[in-house]
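The values are calculated or read from the model by the stated rules, or taken from the named source; none is laboratory data. Since we're looking at a predicted model, the values are computed, not measured. Cβ coordinates were reconstructed from backbone atoms using ideal geometry, including for glycine residues, and neighbour counts include every protein chain displayed. Accessible surface is based on the protein model in full, side chains and every heavy atom, while ligands, DNA and RNA are left aside. Shrake-Rupley method; radii C 1.70, N 1.55, O 1.52, S 1.80 Å.
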Number of protein chains: 2
Amino acid sequence: MICCLDLEGVLVPEIWIKVAEKTGIRDLRLTTRDVPNYDLLMKRRLGILAEHQITLADIQKIIQSVEPLPGARKFLDALRNKRQVFILSDTYYEFAMPLMKKLGHPTLLCNWLSVDSSGCIADYHLRQKNGKEKAVLAFKKMGFQVMAAGDSYNDIAMLEAADEGIFFNPPDKIVQEFPDFEVTRSYKELLRELLT
Amino acid sequence: MICCLDLEGVLVPEIWIKVAEKTGIRDLRLTTRDVPNYDLLMKRRLGILAEHQITLADIQKIIQSVEPLPGARKFLDALRNKRQVFILSDTYYEFAMPLMKKLGHPTLLCNWLSVDSSGCIADYHLRQKNGKEKAVLAFKKMGFQVMAAGDSYNDIAMLEAADEGIFFNPPDKIVQEFPDFEVTRSYKELLRELLT
C-alpha cells in the first residue's frame, strides 16, 4: 500500500507565504485565488523576486529557518513504519530539500527551478502537467493500492485518482464543493485513516 | 534526478542466504545469481520451507537479526540528501520492513507474501512482471532522469531501462556478460557515480 501526501499545508507551512513574511514583500502572498493561471502567477512571483534582486540562495536561507508543522515528523515516522510514503508536491526541489531533511528524507516528487548567472531564479520547470494525479496513476499501474491526502484545490485530481482520497485540514469551501472525501483535522485522525 | 537501488547485495546481505545460514538448510542458499528463473527459484524455496515447517514468523525473527551491509546507512543518508531514492527489489514487504527501519525508511517498491492458517508462507505475489524495469520506465514517463544500481541478473532490465545503469559489487561472470555498465566496488565509488 502506498500513501501519497501533499507537502504544503499537510506537513510544512505554505512556503511562499513564509517567503512573503520574511522578505516583507506582500505581493508574494498572491495565490492561484488571486491569479488563477499558475504560469502567470509563477512569472509574476519570479518577476517580483528579480525586481527586489532576491536570489535563490536568499530564499533558501529563509526556507532553512522554516520548521515542519508541529507533529508532522512524528506522524510521518509512524506512517513510514507501516507504509511506503511519497510526497507529491507542486513545489521545487531547490526550495523543499532543507524541509525534507527535517522530515527524515521522505521521497519527494516535485519540480525544478533554473538559476541565472546572478543567482536569481530564471525560470521554473514542471516535470509534467497534472504531476500529482499522474504519479498516483503510475503507482496504480505498478500494481499498488494508493491512498492520498491533501488540503487544497491542486490536490483534488490526486485524491480522485487514488483508491481513497482524504482531506487534511481543508478550508470549509473545498469540503462543501467536494463532500465525498473523508475529512481529517489532526495527524492522529489522518494516521488512523491511512492505516485502515 | 531519481536513483533506483537494488536491495540485497547492494544495501543488505542476501536475505535467503541469511535464512539458509540460520536454519542450517543449505538448499535455501540458491539465489537469482544461481537460478535466473525467479518463479522456479521461489517455488523451490517455498517448498523447502513447507517441508521443514518453517513459518513466516520464524523467518521474520531471523531477518530481525540481520544488519545492513557496513556503511550502507551512511551511503544512503548521503545519497538521500541530494537525490530522491527508491529501493526496487524482488523481495517481500513481510521480509524487508525490519531492514528498512534500520536504513532510515527509504521508499521500497517490492512484492507480497500470503500466509496459510499454520503461519507458513502459502504463496508469493509479484506486483507486476518485470517490476524493477517497469518502475524505472514509469519514473521516466513522470519526467525524471533515472539512475539505477544493482548487482545481479534480476537487475539487468532495470539498469538497461535507466538513463544510466551501474553495477555494484557484481560477480565477474555478469560483468563479462554485460560489459557496458560502469562497475563500482565501494559505496564511495557508487555515491560518486550516482551524484555526477
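Taking the criterion of being within 20 Å of B:Tyr153 (Cβ to Cβ) and in a helix (DSSP H, G or I), the residues of region B:20-45 that qualify are B:Ala20, B:Asp27, B:Leu28, B:Arg29, B:Tyr38, B:Asp39, B:Leu40, B:Leu41, B:Met42, B:Lys43, B:Arg44, B:Arg45. In a residue-by-residue description of region B:137-145, the property of being of a type in the set (A, V, I, L, M) and within 19 Å of B:Arg45 (Cβ to Cβ) applies to no position.
In region B:109-133, of all residues being touching a strand residue (DSSP E or B) at 6+ places or on another chain (Cβ under 8 Å) and of a type in the set (Ser, Thr, Tyr), the one that is surrounded by the fewest Cβ atoms within 10 Å (Cβ to Cβ) corresponds to B:Ser114.
Residues being touching a helix residue (DSSP H, G or I) at 6+ places or on another chain (Cβ under 9 Å) and free of Cβ contacts under 8 Å to residues at least 12 places away in the same chain are entirely absent from region B:147-170. Tell me, please, whether a residue that is touching a helix residue (DSSP H, G or I) at 6+ places or on another chain (Cβ under 6 Å), more than 20 Å from B:Pro106 (Cβ to Cβ) and assigned to a helix (DSSP H, G or I) can be found in region B:62-81. For region B:62-81, residues touching a helix residue (DSSP H, G or I) at 6+ places or on another chain (Cβ under 6 Å), more than 20 Å from B:Pro106 (Cβ to Cβ) and assigned to a helix (DSSP H, G or I): present.
Close Cβ contacts (under 6 Å, 6 or more residues apart or on different chains) running from residues in region B:122-144 that are at the interface with another protein chain (Cβ under 7 Å from one of its Cβ atoms) to residues that are hydroxyl-bearing (Ser, Thr, Tyr) and surrounded by 15 or more Cβ atoms within 10 Å (Cβ to Cβ) are absent. Taking region A:168-196 as the range and being open to solvent by 10 Å² or more (accessible area, probe 1.4 Å), touching an Asp or Glu at 6+ places or on another chain (Cβ under 7 Å) and in a strand (DSSP E or B) as the test, only A:Glu182 passes.
I'd like to verify a number: residues in region B:104-137 that are closer than 18 Å to B:Asp6 by Cα, part of a strand (DSSP E or B) and not hydrophobic (A, V, I, L, M, F, W, C), how many?
Here is the first cut: in region B:104-137, the residues closer than 18 Å to B:Asp6 by Cα are B:104-112, B:126-137.
From what is left, the residues that are part of a strand (DSSP E or B) are B:107-112.
The next check asks that each one be not hydrophobic (A, V, I, L, M, F, W, C); those that pass are B:107, B:111.
The number of residues fulfilling the criteria is 2.
Among the numbered conditions (1) surrounded by fewer than 18 Cβ atoms within 10 Å (Cβ to Cβ); (2) touching a residue at least 12 places away in the same chain (Cβ under 8 Å); (3) within 24 Å of A:Lys101 (Cβ to Cβ), the only one that A:Glu21 does not meet is (2). Yes or no: B:Leu159 open to solvent by less than 10 Å² (accessible area, probe 1.4 Å), of a type outside the set (D, E, K, R), within 22 Å of B:Asp39 (Cβ to Cβ) and part of a helix (DSSP H, G or I)? Spelling it out, B:Leu159 is indeed open to solvent by less than 10 Å² (accessible area, probe 1.4 Å), of a type outside the set (D, E, K, R), within 22 Å of B:Asp39 (Cβ to Cβ) and part of a helix (DSSP H, G or I). Within 13 Å of another protein chain (Cβ to nearest Cβ) and in contact with a strand residue (DSSP E or B) (Cβ under 8 Å, 6 or more places away or on another chain): is that true of B:Arg185 in this structure? Taking the combined requirement at face value, the residue does not satisfy it. The residue list A:Lys74, A:Lys61 contains one member that is more than 23 Å from A:Arg127 (Cα to Cα) and either in contact with a Gly (Cβ under 7 Å, 6 or more places away or on another chain) or within 14 Å of chain B (Cβ to nearest Cβ) (or both), which is A:Lys74. Being over 23 Å from A:Thr196 (Cα atoms), touching a residue at least 60 places away in the same chain (Cβ under 8 Å) and of a type in the set (A, V, I, L, M) holds for only one residue in A:Leu88, A:Leu109, A:Leu69, A:Leu99, and it is A:Leu99.
Taking (1) touching a strand residue (DSSP E or B) at 6+ places or on another chain (Cβ under 7 Å); (2) over 19 Å from A:Arg127 (Cβ atoms) in turn, B:Arg83 satisfies each apart from (2).
For region A:93-108, filtered to residues that are more than 25 Å from A:Thr55 (Cβ to Cβ) and in contact with a strand residue (DSSP E or B) (Cβ under 6 Å, 6 or more places away or on another chain), the residue that is nearest to the other protein chains (Cβ to nearest Cβ) is A:Thr107. Taken over region B:138-156, the criterion of being open to solvent by less than 40 Å² (accessible area, probe 1.4 Å) and outside any loop (DSSP other than H, G, I, E, B) is satisfied by B:Ala138, B:Phe139, B:Val146, B:Met147, B:Ala148, B:Ala149, B:Gly150, B:Asp155, B:Ile156.
Inspection of region B:86-93 identifies no residue that is open to solvent by less than 30 Å² (accessible area, probe 1.4 Å) and more than 13 Å from the chain's Cα centre (by Cα).
Determine, yes or no, whether B:Gly165 is under 15 Å from B:Leu7 (Cβ atoms) and in contact with an Asp or Glu (Cβ under 9 Å, 6 or more places away or on another chain).
Details: under 15 Å from B:Leu7 (Cβ atoms): no; in contact with an Asp or Glu (Cβ under 9 Å, 6 or more places away or on another chain): yes.
Here the answer is no, as B:Gly165 does not meet what is asked.
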